[in-house]
């Protein structure tokens, strides 16, 4: 099948590359000429496990093409995926200007029947607006569909290749059958394809992310209560999440969620609901809890040193919003750093893959180090902000020796409080009892 994917960000690049991996001919389109030139050479602009290998293989096999020529892509494709950005506006609503601009150009360049699929995360009713825009530009027949993505950064390729489910919003059986056929190689283990109306498909993506975000925020609320009443949140988590109705996924207390999806999609859902005359108090509370939680670790540091940080060195391990990605969008580290900088400490930080993006984000406000121990050397406090695997079992004896004060603020609860005490560290977790194993 001949496909084009317009937009080569996380969603578009992974989508196009994975479709090519299954034997389809795919054209990736972007307005960024420098990015396209790099992609043509096999240079991946983002860190995502397995993506570089997939990209290189499909370029070599001539199943994957990259271009800035949208007209060529539209005319050469049977199915066109729109995967451009839908950034957050100041009021929390999604900016759909890129989506609508692409839709208009698709209509202008069409040379026959096409299926236009929205892959970007968009609010309810966007498909109908796209249809109106294209109808004004062409007399050719076409169908509109919605195919929301459910990829996790850091596991996007794996999620695409082996999805939990595929959601297709379609107006008729014809387009549904084409998309079901396109996805059939990915669901050989009998994972479901759900076909529904376009509005329901559009809402499904926002609803899924809002629900998962609420789960994260609920556990963070619980961790704060545990600190007040002397309970241990990890023990409570085991007792609660072993209930099959609840489950353990997205139930880790920490420093809040970040990234390009949860923060943006929760606000977009609230905005869309407001326009429809509905209120979303649970989602609003989820957002409020997360905004507070992202600063909680910094507040523990400030309290420990009674606000006197101007002569202190603070080390931070992990800057990306989650492991296995270099993405700093809405990362808790940004809020933690900015909160601490008001008290004028020296901040030294390390992240295994996000240093380049960290330089663009923080500039010279913090020192970026080549490894974890360089960051911790001479530090009065060590903050674990992102739970990269290499941080889970460090050389604690070496760590204690090189730090000026052996104080750890564990924003991801990857260490055991009792063990930290036995090793001679002053330890702060999230909702942990100090005698917990």
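Every number in this text was worked out from the coordinates using simple rules, so none of it is lab data. All values derive from a computational prediction rather than experimental measurement. Cβ placement follows ideal geometry from the backbone for every residue including glycine, while neighbour counts extend to all protein chains displayed.
For the chain, modelled as a GNM with alpha-carbon contacts under 10 angstrom, which of 358, 278, 156 fluctuates the most?
278
May I ask for the angle, rounded to the nearest 10°, between helix 51-60 and the longest principal axis of the chain, with both axes built from Cα atoms and the value confined to 0 to 90°?
The angle comes out at about 30 degrees.
Compute the label zone of residue 194 within the range 134-160: residues whose backbone N is under 20 Å from the point 7 Å along Cα-to-Cβ.
Under cut-off, by backbone N: 145-153, 159-160.
Mean-square fluctuation check for the chain, GNM, Cα pairs under 10 Å: which of 70, 368, 225 is largest?
The residue that fluctuates most here is 225.
If you line up the long axis of helix 262-275 against the longest principal axis of the chain, both from Cα atoms, how many degrees apart are they, to the nearest 10?
Between helix and principal axis, roughly 60 degrees.
What full-extension length gain, to one decimal in nm, is calculated for residue 152 and residue 359 as 0.36 nm per residue of separation minus the Cα-Cα distance? Intermediate values should be presented prior to the final figure.
Details: separation 207, 0.36 × 207 = 74.52 nm, distance 2.40 nm.
Stretched fully, the residue 152-residue 359 segment lengthens by 72.1 nm.
Can you pull the one-decimal nm distance between simple spin-label points at residue 279 and residue 40, each 7 Å off the Cα toward Cβ?
5.6 nm
Which FRET efficiency, nearest 0.05, do residue 104 and residue 291 yield, Cβ-Cβ r, R0 35 Å? Can you show the working numbers first?
Values: r = 36 Å, r/R0 = 1.04.
Computed FRET efficiency for residue 104 and residue 291: 0.45.
Taking a virtual spin label 7 Å from the Cα of residue 434 along the C-beta vector, which residues in the range 300-339 bring their backbone nitrogen under 19 Å of it?
Under 19 Å, as judged by backbone N against the label point of residue 434, lie 300-307 of the range 300-339.
Per-residue ellipticity at 222 nm for the chain, helices alone: DSSP H runs ≥ 4 residues times -39500 (n - 2.57), over residue total, nearest 500 deg cm²/dmol? It would help to have the intermediate numbers written out before the result.
Values: 18 runs with 192 residues, N = 437.
Value at 222 nm, helices only, nearest 500: -13000 deg cm²/dmol.
Fully extended, how many nm does the chain gain between residue 164 and residue 310 (0.36 nm per residue separation, minus their Cα-Cα distance)? Don't skip to the end; give the middle numbers.
Details: separation 146, 0.36 × 146 = 52.56 nm, distance 4.92 nm.
Gain in length upon complete extension: 47.6 nm.
Report the residue, chosen from 208, 303, 354, that carries the largest GNM mean-square fluctuation when the chain is represented by alpha-carbon nodes joined by springs under 10 Å.
Checking each option, the largest mean-square fluctuation is seen for 303.
Please give the peptides 404-410, 431-437, 320-326 ranked by average Cβ packing (other Cβ atoms within 10 Å per residue), highest first, as a rough proxy for protection. Walk me through the numbers before you get to the answer.
Working: 404-410: 21.0, 431-437: 16.6, 320-326: 23.1.
The peptides rank, most packed first, as 320-326, 404-410, 431-437.
Could you list 8, 204 so that the one with the fewest beta carbons within 10 Å of its beta carbon is first and the one with the most is last? Present the calculation step by step, with values, prior to reporting the outcome.
Values: 8 27, 204 19.
The most exposed by this proxy come first: 204, 8.
How far is helix 281-293 tilted, in degrees, relative to the longest principal axis of the Cα atoms in the chain, given as a value from 0 to 90 rounded to the nearest 10?
Result, in degrees: 50.
For residue 299 and residue 225, compute 0.36 nm times the residue count separating them, minus their Cα-Cα distance, and round to one decimal in nm. Spell out each step's value before the answer.
Values: separation 74, 0.36 × 74 = 26.64 nm, distance 1.60 nm.
Value of the extension gain: 25.0 nm.
Of the DSSP beta bridges with both residues in the chain, give the percent that are antiparallel, rounding to the nearest 5. Before the final figure, lay out the partial values.
On the way: 3 of 46 bridges.
Counting DSSP beta bridges with both partners in the chain, the antiparallel share is about 5 percent.
Between residue 418 and residue 141, how many nm apart are label points set 7 Å from Cα along the C-beta direction?
Rounded to a tenth, the inter-label distance reads 7.1 nm.
Taking the DSSP beta bridges in the range 105-238 as the whole, what percent of them are antiparallel, to the nearest 5?
Numbers: 2 of 11 bridges.
If we restrict to bridges inside the range 105-238, about 20 percent are antiparallel.
At a Förster radius of 45 Å, what calculated FRET efficiency corresponds to the Cβ-Cβ distance of residue 240 and residue 397, to the nearest 0.05? The partial results should precede the final answer.
On the way: r = 36 Å, r/R0 = 0.79.
Efficiency computed from Cβ-Cβ geometry: 0.80.
Only residues of the range 292-326 count here: report those whose backbone N is under 20 Å from the spot 7 Å along Cα→Cβ of residue 344, or say none.
299, 301-315
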